[in-house]
Amino acid sequence: MEKISFAAQYVITNTSEPIKNGVVSVDVSTGEILEIKQLTNEIPYTEFYNGVLIPGFVNAHCHLELCHLKDKVKNPKSLIDFLLAMFRLDANSYDEKLTLKYDSLMYSSGVSAVGDICNTSDTAGVKEKSKIHYKNFVELIGTTPERCQKDILQFENVKNDYLSFGIDANDISAVPHAPYSVSPELFSVINRLNKGKKEIISIHNQENFNENFLYENHSGEFVEKFPLDLSLIPVTGKTSLKSMKELCEGGYERTLLVHNIYSSKEDLDFAAENFKNPFFVVCPKSNIFLENKIIDVNVLLEKNLTVCIGTDSLSSNDNLSMIEEVKLLSKKFENLKLEDLIKFATLNGAKALGLQSKLGSFEIGKSPGVVLLENVDLHNFRLTDNTLSRRLI
Ligand SMILES: [Zn+2]
């Protein structure tokens, strides 16, 4: 076995306090962690770095297939404005080369796993060759019964395509798009499609405040601007999150609620009580781009809820860099400690995707990847505008 060791001023393990002058030893061929400790004596074959070592990132929310939509929608006033602009774009201009480029960029900047929303099987070829572990969420959208039938076929087709590329069936599941685009009937269809495999579900949640008005009393911009058949969307008098009965009753092991920009404290309590293991995914740059607002992460932490980080897609972000997301969150919430921010971007995402036995922390036997953060303010243990991330193994 060939062993290599990486040493730096700090190592964030996610299982202990950060280790000063830490060293991580890894099996070169498998990437398995062999040892983590403070550097007291010389270890042969040690590479020394300036900065902080962290386990590989887990991007909990991405749409890899939308890379070709980079810069296509400029300065939207809100999510609704953005979605209406997206409808007008040519959806069939998937770019394999560009997708490959961003998959490689994600890997080299330290991403080890991605929770990826897929409307098609376009990215299957890239994922087949990728070193990143993708959890593929086949996203279904629609309210009418005809659309539900189409969605069932769509899911089967995408799934079969993925399987033909050798993607593991456990890494493919059906997920709903958002409360404003999925009828109770389609929620039930999704639950049926995932029958016997209710490991994980993901949904865009409360990304715009009009989602709540839609369910509370059939009012707001979704009603005014979207071609919705309101007879298929129930008035519940409650917020959109509390209205998704079928999602609550789905019995999923883990539920990824993505964005949560307009989730109230009561909504958060509701999620904590009604979902087995809820994960609250924040996509800082996309949230600012679309709504100029991020959920108050401190409220999530006060309630002991698990925060994850995603990049969302290149249609609402200028790159798919996890460290850029962490930097923005660190600026917006200055009280957050670096080790907590890193946990959101690594271990919590690994738990959300059910990959924590392998990824997310430096523990003997895991193979999370070793990532170097450079240009960190080591004196105050904070990220700077110039902080970069790069994979060492
Ligand atoms: Zn999304």
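Go through the residues of the range 48-60 one by one and say whether even a single one is open to solvent by 70 Å² or more (accessible area, probe 1.4 Å) and without any contact (Cβ under 8 Å) to a residue 12 or more places away in the chain. No - not one qualifying residue is present in the range 48-60.
Conditions tested, residue by residue: (1) open to solvent by 10 Å² or more (accessible area, probe 1.4 Å); (2) part of a loop (DSSP other than H, G, I, E, B).
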position	(1), (2)
F280	no, no
L290	no, no
V299	yes, no
T311	no, yes
D318	yes, yes
K327	yes, no
D340	yes, no
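Scanning for something within 16 Å of the ligand (Cβ to nearest atom) and either in the same structural domain as S173 (by TED's automatic domain parsing) or part of a helix (DSSP H, G or I) (or both), does the range 148-161 turn up at least one residue? No: the range 148-161 contains no residue that is within 16 Å of the ligand (Cβ to nearest atom) and either in the same structural domain as S173 (by TED's automatic domain parsing) or part of a helix (DSSP H, G or I) (or both). When residues of the range 342-372 are filtered for being within 13 Å of the chain's Cα centre (by Cα), outside any loop (DSSP other than H, G, I, E, B) and either within 30 Å of S78 (Cβ to Cβ) or not aliphatic (A, V, I, L, M) (or both), how many remain? Selection size over the range 342-372: 6. When I43 is tested against (1) in contact (Cβ under 8 Å) with a residue 60 or more places away in the chain; (2) touching a strand residue (DSSP E or B) at 6+ places or on another chain (Cβ under 8 Å), just one condition goes unmet, and that condition is (1).
Quick one: is P76 in contact (Cβ under 8 Å) with a residue 12 or more places away in the chain, within 16 Å of the ligand (Cβ to nearest atom), assigned by TED's automatic domain parsing to the domain that holds V175 and touching a helix residue (DSSP H, G or I) at 6+ places or on another chain (Cβ under 8 Å)? Lay out the reasoning, then the answer.
Numbers: in contact (Cβ under 8 Å) with a residue 12 or more places away in the chain: yes; within 16 Å of the ligand (Cβ to nearest atom): yes; assigned by TED's automatic domain parsing to the domain that holds V175: yes; touching a helix residue (DSSP H, G or I) at 6+ places or on another chain (Cβ under 8 Å): yes.
Yes.
Among the residues that make up the range 344-359, is at least one of them open to solvent by 10 Å² or more (accessible area, probe 1.4 Å), over 29 Å from K198 (Cα atoms) and of a type in the set (S, T, Y)? Checked against the condition, which is being open to solvent by 10 Å² or more (accessible area, probe 1.4 Å), over 29 Å from K198 (Cα atoms) and of a type in the set (S, T, Y), the range 344-359 yields no hits at all. If you go through the range 23-43 and pick out every residue that is over 18 Å from M1 (Cα atoms) and either of a type in the set (S, T, Y) or open to solvent by 70 Å² or more (accessible area, probe 1.4 Å) (or both), you end up with 4.
Would you mention how many residues in the range 262-274 are open to solvent by 10 Å² or more (accessible area, probe 1.4 Å) and either of a type in the set (F, W, Y) or within 16 Å of C308 (Cα to Cα) (or both)?
Just the residues of the range 262-274 that are open to solvent by 10 Å² or more (accessible area, probe 1.4 Å), to begin with: 262-266, 269-270, 272-274.
Now drop any that are not either of a type in the set (F, W, Y) or within 16 Å of C308 (Cα to Cα) (or both), which leaves 262-263, 270, 272.
Matching residues across the range 262-274 total 4.
Scanning the range 198-208 for any residue that is basic (K, R), away from the ligand (no atom under 16 Å from the Cβ) and farther than 17 Å from S78 by Cα turns up at least one such residue. The set of residues in the range 95-110 being in contact with a helix residue (DSSP H, G or I) (Cβ under 6 Å, 6 or more places away or on another chain) and more than 12 Å from K127 (Cα to Cα) consists of D95, L98. D103 meets the conditions (1) away from the ligand (no atom under 16 Å from the Cβ); (2) within 13 Å of the chain's Cα centre (by Cα) in every case but one. The failed one is (2).
The values are calculated or read from the model by the stated rules, or taken from the named source; none is laboratory data. Predicted, not measured: the structure shown is a model, and the values here were computed from it. For neighbour counting, all protein chains shown are included, and Cβ atoms are generated from backbone atoms with ideal geometry for every residue, glycine included. Quick note on the areas: whole protein, heavy atoms, side chains included, nothing else; ligands and nucleic acids left out. Shrake-Rupley method; radii C 1.70, N 1.55, O 1.52, S 1.80 Å.
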